[in-house]
1. How many nm is it between the label spots at A:Ser93 and B:Asn236, if each spot is 7 Å from the Cα in line with the beta carbon?
2. Too long at a 19 Å Cα-Cα cut-off: which of A:Lys207/A:Lys343; A:Lys325/A:Lys394; B:Lys161/B:Lys248?
3. Can you work out the FRET efficiency for the pair A:Ser223 and A:Leu265, with r the C-beta to C-beta distance and R0 = 25 Å, to the nearest 0.05?
4. Relative to the longest principal axis of the C-alpha atoms of chain B, give the angle of the C-alpha long axis of helix B:19-30, reported between 0 and 90° and rounded to the nearest 10°.
5. Taking a temperature of 4 °C and a viscosity of 1.567 mPa s, what whole-number D in µm²/s does Stokes-Einstein yield for region A:66-179 with Rh from Kirkwood over alpha carbon pairs?
6. Can you tell me the Rg and the Dmax, both Å, for the Cα atoms in chain B?
7. How high is the relative contact order of region B:9-246, in percent, with contacts defined as C-alpha pairs under 8 Å that are six or more residues apart?
8. With springs only between Cα atoms under 10 Å, which of A:Ile420, A:Ile330, A:Ile295 fluctuates most in a Gaussian network model of chain A?
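Here, each number is a calculation from the coordinates, and none is a lab measurement. Keep in mind the model is a prediction, meaning the values are calculated, not measured. Don't worry about glycine lacking a Cβ; one is built from the backbone with ideal geometry, like all the others, and counts go over all protein chains shown.
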Amino acid sequence: MELSGWGRALTAEVRAWRPERAPGLAEAFRAEREDGVIVYAGGRSYGDAPLNGGGDVIMTGRLDRILSADWESGEVVCEPGVTIGDLMRIALSHKFIVPVSPGTGFATVGGGLANDVHGKNQHRHGSFGDHVQWVDLMLPSGEVKRITPDADSELFNATVGGIGLTGIMLAMSIKLRRVKSNAVLMREKKARDLDEFLAMQDEAREKHAYVVGWIDATARGRSLGRGIMESADDSQGETDAPPGGRIRMPVEMPGFAMNRVSISLFNAFYYHRLPFGGRERQAPITQFLYPLDAIEDWNRLYGKRGFYQFQCALPEVESPVGLRKLMEAISGAGTGSFLAVLKSMGKWGRGHLSFPMPGYTLALDFPSKPGVIELLDRLERITLDHGGRIYLAKDGAMKAESFAQMYPKLDEFRAVLDRIDPNRVMDSDMSRRLKIRG
Amino acid sequence: MTSNKNRKESWLVLGASSSVARAFARAAAEDGADIILAGRDMDDLGRTAEDVSVRTGRDVDVIAFDAEDVASHAAFVEDAVNRAGFLNVFLAFGAMPEQDEIDTDFALAERSIAVNYTGALSVLHRLAPHLEEQGDGHVVVLSSVAGDRGRLKNYVYGSAKAGLNTYLQGLRARLFRKGVSVTTIKPGFMDTDMTWGIEGMFLVASPDQAARACLNAARKRRHVVYVPFFWWGIMNIIRHIPEFIFKKMNI
């Protein structure tokens with residue numbers, strides 16, 4: 001069958017397995033195969049990380065059970081297909097939250113760990129792998145091993161952010177964070193240009209648990225880098241649960257719908273809707289964390305050809321100059337981006353291939369059109385020149401040489417894979433494209 | 001009709017390892033019922049039990065049950081009835097061997113009949129007196145559109161389901177007299193293990209959608225429900241194709 005990531009620009013013809021029980025998962029993994037195998041979890045990574053053209057893919061979405069929950073300590077044990085959003089809603093009813101959550105609740109805990117995802121509180125609470133206490137991992141040999149940050153920490157660090165290449169997760173323990181309510185108190189404030197934006201975020205991250213910025217990628221000249229910063233903190237008081245209703249994109253938008261004019265208009269409207277003094281309100285945390293989850297299948301906005309997402313991180317000192325160059329290249333290319341996010345990060349991820357680093361991260365969507373690969377190429381170059389890296393969960397276009405330079409712990413990662421998977425059972429389109437195994 | 005809001009509702013889920021049964025257990029528990037999961041894979045049922053209980057806060061029990069082992073059904077029903085509050089039944093087990101494999105191995109035909117027909121009748125037969133005594137409640141049985149007409153690709157399975165459907169018509173009449181509803185669910189394409197990998201599937205129902213449809217059908221005391229609903233139209237057409245044409249068709 002044909003599978004694609006969330007961006008839908010890249011597809012692969014695969015032999016897919018979708019076990020519904022633990023023995024079925026083991027059976028699928030141990031099946032005879034000539035080409036390798038990779039896990040496809042929630043389908044929310046954008047590029048080719050969960051694809052394996054011509055080979056096997058094991059879909060873990062049906063293994064979505066919570067195996068135990070301790071509402072004193074906040075420790076939950078989950079099968080890999082539990083979605084972070086489900087876990088969040090259940091945790092909230094016991095006054096806990098998943099400490100780190102990406103921008104969609106449809107990502108799974110398995111995918112969350114395999115990509116070491118981060119959220120709007122990265123500067124304070126790190127990334128997903130920092131909250132996982134153990135993982136039951138089925139190694140390529142078929143052996144099942146419980147790995148922790150202490151026992152075989154190298155294998156643990158290879159699994160955190162290792163885009164599924166160390167084996168199949170069977171279960172994991174996550175430590176939840178206690179909260180007082182289901183709400184956050186959030187503030188929105190405008191930034192007129194990039195310098196002001198960075199200064200605001202630098203200040204905000206010292207004070208607030210969550211900081212995220214929406215940036216107008218179509219603005220140029222004096223307005224380059226203008227946007228809206230959102231900061232938030234745990235609220236003391238409850239708020240009404242968010243309305244359950246969701247809109248669904250019933251069909252694909254025609255490819256031309258996302259053009260320079262419509263994107264510029266949307267961005268200008270989005271920027272000007274907010275008064276200059278900013279505003280403050282209480283919001284359900286799920287609404288704050290997952291704004292786009294209200295629109296089911298929003299990736300159809302980009303039409304049949306799909307889109308690429310570019311997300312890079314730049315180190316602190318390189319950020320002001322590097323980000324300006326990136327924004328100039330993007331607004332100059334004129335392809336625009338519907339949703340662009342600029343936020344600060346504060347901690348390194350623990351995995352060999354973890355994305356987060358102290359500094360800034362910029363994320364944008366680009367419709368898959370002629371010229372997009374050239375633009376991504378320029379952005380990759382700028383990222384590399386400024387000591388940054390591209391996020392594997394989003395990537396579908398990076399070159400292998402760039403990848404090797406961006407991820408200095410690649411050798412350690414390879415050493416672990418050579419030890420546990422000498423026959424290269426695990427494989428993916430991304431692994432081949434980026435020559436991750438060398 | 002009197003309905004006691006304070007009574008403790010239970011759903012007995014037979015064949016609880018299937019994806020629809022799991023989704024049903026979650027949905028029924030979300031709506032406030034306690035759950036008894038019954039099936040063969042006790043490790044798997046244990047996982048589902050914990051999951052449903054964590055997600056909903058309801059009591060979830062697990063009992064071993066083997067549809068083919070009809071000798072054990074009397075004791076099983078005794079045990080289940082003792083543990084249940086106000087009993088409702090969701091029967092979700094089934095077996096669908098490939099027709100071409102059945103053609104060369106009669107044991108597979110026997111197994112299909114033993115599970116889909118004899119097994120279902122055996123357990124429903126023993127539950128019926130308890131339901132009659134209770135004087136209210138719901139029975140929902142996951143059957144199949146395959147029972148609507150014998151098809152080249154599926155006729156042993158189809159004939160077992162056809163027998164089951166006929167049995168359920170009679171059971172419906174019997175239990176109706178005591179206030180118990182019997183709903184026959186005829187799924188068309190559902191996105192489950194049984195249909196995974198079959199070419200040409202379209203407009204499939206997810207397990208969650210199917211489970212909700214089953215629960216709603218029970219509440220409305222429906223008799224026969226196609227899931228998704230438009231399968232009623234498809235099967236109506238298929239039922240009315242003249243036999244001299246149908247026998248030549250490759251469906």
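1. Here the modelled spin labels are 3.9 nm apart.
2. A:Lys325/A:Lys394; B:Lys161/B:Lys248
3. After rounding to 0.05, the efficiency reads 0.95.
4. 30 degrees
5. The estimated diffusion coefficient comes to 93 µm²/s.
6. Rg and Dmax of chain B, Cα atoms, are 17.8, 57 Å.
7. Dividing the mean separation by the residue count of region B:9-246 yields 19 percent.
8. A:Ile295
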